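Derivation of every value follows stated rules applied to the coordinates shown; laboratory data play no part. Keep in mind that this is a model prediction, so the values were computed, not measured. Cβ: placed from backbone, ideal geometry, glycine included. Neighbour counts: every protein chain shown.
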Amino acid sequence: MSELAASTDGELAALALAGQQAAYRVLMDRHRAAAFRLARHHCGNEDAALDVTQQSFIAAFAALGRFDPSRSFAHWLARIVINKSHDWARRRRVRQFLTFALPLEDARDVAEASPDAETQTADRQELDRVMAAIATLPARLKEVLVLRTIEGLSQSETASILGTSEKAIETRLYRARAKLTDILRA
């Protein structure tokens, strides 16, 4: 497997398609952390982000034959993670809607237990608050904010992943930051 570590993502994709299982592992090891971070910022929840990350890799490996090795695997995977995050958000909205249909005494059992505030440090509380605020942003703004600010991608890389112009990325980033500032002040 050490000889595979020096391979490019395109070469690994070709090896994986040829049936070499170790190539899948190297691709996953190489991109798992970034995919998880992206999912976590979209979902605002680490458990959900883990599920989204797993679903993203399953989908990516199932569609590996459609991957263009001349393009960035990281960008291709990021688009899949964003799509899977949108799917998760849609399912979550449906679950929330259905939760309201339950009798009030049953609703207490459905609610997630929140961690005890006394056991969390001030830094963790602030991080949770910011992540929750990011999760409430509209998808178009959240995607740009996460990719540019948190993942550190360039404006052109972000535009490529989201399939839009660099000017649109610049505008969305400005709006995302302004909206996030308003949410955190409230």
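Quick notes on this one:
- Other residues whose C-beta falls under 11 angstrom from the C-beta of Leu50 contribute a net charge of -1, scoring Lys and Arg +1 and Asp and Glu -1.
- Among Thr8, Thr53, the order by Cβ neighbours within 10 angstrom, fewest to most, reads Thr8, Thr53.
- Rg/Rg_globular for the range 120-186, with Rg_globular taken as 2.2 N^0.38 Å and Rg from C-alpha atoms: 1.17
- In angstrom, the C-alpha Rg and Dmax of the range 1-75 are 12.7, 37.
- Gained length - Asp128 relative to Leu184, 0.36 nm times residue gap less alpha-carbon distance: 19.0 nm
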